[in-house]
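Here is the structure we will look at.
What follows is calculated from the coordinates using simple rules that are stated; it is not laboratory data. What you see is a predicted model; the values in this text were computed from it and never measured. Reconstructed Cβ throughout: ideal geometry from the backbone, glycine too, with neighbour counts over all protein chains shown.
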Amino acid sequence: MKILYLGAGFVGTCSAAVSANSGHETIVYDVDERKIKMLSSGDRDVIETCLYEKGLGDLLVRSINFISFTNDYGKVENFLNECDAVFMCLPTPEIGETGESDLSFYFSAAEKLAQSLAVRNGGAQEKYITIINKSTVPIGMTEKTRALFDKTGVKNYGVVSNPEFLVGGKAVEGAIKPDRVVVGASNARDFEIMRQVYQRFSDAPEVKYIEAAPPEAEASKLLANFYLFAKLAICFDVIGRACEAYPGMQFENLRRILTSDKRIGSWGFYNSLYAGGSCLIKDARSLSHQLQTVGKSADLIDEVYTANRRQLELFLSRFENEANGNWAGKKIALIGLSFKRDTNDTRNSPAIDISRFLLEKQVGEIRLCDPAASTDFKRLFPESKQFVYFAHEFEAAKDADIIIVATDWPQFRGLADSIITELKHKPLIMDGRRILQHRYNDLQKAGFDIIAVGSPFIKGKK
C-alpha cells in the first residue's frame, strides 16, 4: 500500500518504520527540516541522535527502499493522488495545567490535508482514501475531523481512530510485536483497508486485533493510560510510603509477595521518584478535563495526578527533613535526564523539576549526565558555570556533595562500585529509582548516607 504519515515524532517515525518494514511504500512529512535530514540520513548513529529508540536506527536503515522523509509539502500533494491511507501523528500537548489538549497542530495539519484532498486526481477525487487518527485526541475527534473534511469538499474518504499504545524505550519492539491493535471505524470499507494496512497483525494469532466504534477506540488510549498511571501512583504513594515508614520492610520483598497474586499482576510494581513521559500525565489530565466538561466527576483521576506530584516533592524534602541538610552552595550530581531508560525523551522528566528546584535552593553547581538525553536537556538548561555536563556518571558524581539518581539506566547500577572504591569523601546518595538497592548494605558499611524511595533514611556507619 501507499501510506503517508503526517508528523515525524516518536509515534509517527516508529509507526512509519514498521509500515515500511512491512513492505508498504511510506512517506513521512514534518515541518522540522533538521529532524527530516537526520531521520533520512541512512546513518544509524545520526538517526539515534535525533530520536533514540532501541532498534529504530537499524530498522530505518534496513527499510530505506520503502520509506522516505520530507519537509516538501509538494511531494505530499503528489503522493496523495495514489495514497491509500494517511496517519495523523501530530502532537496534542496539554494547555498549561488545564487538562485541555492543544489541538492547534492537529487542526492545522487536518485543514491543510483537507484542502489537498479536495483537489486530488485533478479534483475528481477518484481514489478512496482512509484518514487515520494516530494522535492521542479527545473523544469525538473522528466526527470533528469528518465535519472539517466535509466542509472543505473532500469526498470518497473515511476517518478511523487507531490509537497507539507504544511504550517509550520499547516503541519499535511494541510496534513490531504489539499485544493489541485497536481500530475504530464506522463502515466496512475502512475496516477492510485497515486490515490491509495491518495485514501482518490482523491475521496473527498472538496479536489481539480489535475492531470497535470510533469513540471506543478514542477512549481506550486515555483509559488505559489512566489505569497504568493509577497503578504507579498506588505503588509510590501507598506501598513505597509504607516501606519508608517502617524499618525492616524491604520494598523488593513486598513486591515479590504482592505480585504473586495474579489479580494484582507485576506491571508497574517498582518504586520511583516520579512517573514522567509524554503520555500518562497528559492523558490522565485530558480524561479528567473531558469528564468534567460533560458534568462528570474526575476526583480519582485528579488525586492520582496529585499523588505523582507529591512523590517527587516528598523525595526532595527528605534531605532537609531527615538528613538535616541545607542545599545552598552544594555541588549536586544529577544522574539521568531522560524520563526513563532506553530513550532520549525528556518530556515530564523528573530531572527538569529537580533542576528548577535546585536553582531555587541556590545550589552551587549541578553536574549532569545521561547516556542519550544530554543534547535535548541542554536546550532547557544550557551549559554554564552552574550547569556542567559529563559523559560518564562517575565523572559527574566524583566531586559532588549529593548524588541524585533520577533515571533507571542499567549502567547506573555499577555506580556503587566506583564511589565505594574511588571516593574518599562521602556524598549523600539520593536514589530515586532504587537502582543501587543491591548495594545499600555495602554503601552503608562504607559510610554513605542514603535516601531512597521505598526505604527509611539509611545512616552510614562511620
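Within segment 74-113, the GluC sites (Glu not before Pro) that combine a DSSP coil assignment with at most 11 other C-beta atoms in a 10 angstrom radius are 97. Cα-based radius of gyration for segment 215-462, normalised by 2.2 N^0.38 Å, reads 1.04. Between residue 297 and residue 213, the FRET efficiency estimated from the beta carbon spacing at R0 = 30 angstrom works out to 0.80. Given their separation in residues at 0.36 nm each and the Cα-Cα distance between them, residue 461 and residue 321 gain 48.4 nm when the chain is fully extended. With the gyration tensor restricted to C-alpha atoms of segment 79-190, the semi-axes of the equivalent ellipsoid amount to 25, 19, 12 Å, longest first. Here the Karplus curve 6.51 cos²θ - 1.76 cosθ + 1.60, taken at θ = phi - 60°, turns the phi angles of segment 210-215 into couplings of 10, 9, 8, 6, x, x Hz, with x standing for Gly and Pro. The orientation-averaged projected area of the convex hull spanned by the Cα atoms of segment 2-212 comes to 11.4 nm². Among the trypsin sites (Lys or Arg not before Pro) in segment 60-137, those placed in a DSSP loop whose Cβ has at most 15 other Cβ atoms within 10 Å are 127.
Listing 293, 130, 49 from fewest to most neighbouring C-beta atoms within 10 Å gives 293, 49, 130.
For segment 232-289, chymotrypsin sites (Phe, Trp or Tyr not before Pro) meeting the loop criterion (DSSP other than H, G, I, E, B) and having at most 11 other Cβ atoms within 10 Å: 267. Distances between placed amide hydrogens fall under 5 Å for residue 368 paired with 334, 388, 389, 390, all partners being 5 or more residues away or on another chain. In this structure the amide hydrogen of residue 212, modeled in the peptide plane, comes within under 5 Å of the amide hydrogens of 183, 184, 185, none closer than 5 places in sequence on its chain. Footprinting exposure proxy ranking of 44, 189, fewest other C-beta atoms within 10 angstrom first, gives 189, 44. Couplings 3J(HN,Hα) for segment 166-183, derived from phi with the Karplus relation 6.51 cos²θ - 1.76 cosθ + 1.60 (θ = phi - 60°), are 6, 10, x, x, 10, 5, 5, 4, x, 7, 7, 10, x, 7, 8, 10, 10, 10 Hz, where x marks Gly and Pro.
Per-residue ellipticity at 222 nm, computed for the chain from helices alone with -39500 (n - 2.57) per DSSP H run of at least four residues, works out to -12500 deg cm²/dmol. Here the simple spin-label model places points 7 Å from the Cα toward Cβ, and for residue 438 and residue 359 these points are separated by 3.7 nm. Measuring max minus min along each principal axis, the C-alpha atoms of segment 269-396 give extents of 52, 34, 28 Å (largest first). Both radii were evaluated on the Cα set of the chain; the Rg over Rh quotient, with Rh as the Kirkwood radius, amounts to 1.01.
Computed extension length for residue 49-residue 77: 7.1 nm, one decimal, from 0.36 nm per residue of separation with the Cα-Cα distance subtracted. Put simply, the amide H of residue 430, placed in the peptide plane, has neighbours under 5 Å in 403, 404, 405, 451, leaving out anything fewer than 5 places away on its chain. Were the residues from residue 32 through residue 102 laid out at 0.36 nm apart, the gain over their Cα-Cα distance would be 23.3 nm. The phi torsions of segment 294-309, fed into the Karplus equation with coefficients 6.51, -1.76 and 1.60 and a -60° offset, translate into couplings of 9, x, 10, 6, 9, 4, 5, 4, 5, 5, 4, 4, 5, 4, 5, 4 Hz, rounded to whole numbers, with Gly and Pro shown as x. The distance between label points at residue 223 and residue 426 comes to 5.4 nm (points 7 Å beyond Cα on the Cα→Cβ vector).
Within straight cross-link reach of residue 231, meaning Cα distance under 30 Å, which lysines are found once same-chain residues fewer than 8 apart are removed? Excluding near neighbours in sequence, the set is 54, 134, 170, 177, 208, 221, 262, 282, 296, 340.
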